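To keep things clear, I will list the structure first and then write my remarks on it.
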Amino acid sequence: MDSAPAVAGFDSFGLSPAVLKAIQEQGYETPTPIQAACIPELLANRDLLGQAQTGTGKTAAFA
């Protein structure tokens, strides 16, 4: 993916209420651009290679 999509909230990914609650409890408010680009692909069970600067939330996107 060459460019990040517009960043919507975590609730736009169709995650379960339990997962959304856990995300909120960890202090996440909105996905970073790398998370917004990766999470839908991961939920679609697609292979993914993401590249972004340190501290942008890559690991959290995979968690």
If every Lys and Arg gets +1 and every Asp and Glu gets -1 at its Cβ, then about the Cα centre the chain yields a dipole, in debye to the nearest 20, of 80 debye
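For the range 14-63, just say rounded, prolate or oblate: build the C-alpha gyration tensor, square-root its eigenvalues into a ≥ b ≥ c, call rounded for a/c under 1.5, and beyond that prolate if a/b exceeds b/c, oblate if not.
Numbers: a/c = 2.40, a/b = 1.25, b/c = 1.93.
The shape class here is oblate.
Taking only DSSP H segments of four or more residues, each worth -39500 (n - 2.57), what value at 222 nm results for the chain once the sum is divided by all its residues, to the nearest 500 deg cm²/dmol? Walk me through the intermediate numbers first.
Numbers: 3 runs with 25 residues, N = 63.
Roughly -11000 deg cm²/dmol at 222 nm, from the helical runs in the chain.
Quick note: the coordinates plus some simple rules give every number you see, no bench work behind them. These figures come from a predicted structure and were not determined experimentally. Methodologically, a virtual Cβ is constructed for each residue, glycine included, from the backbone with ideal geometry; neighbour enumeration extends over all protein chains shown.
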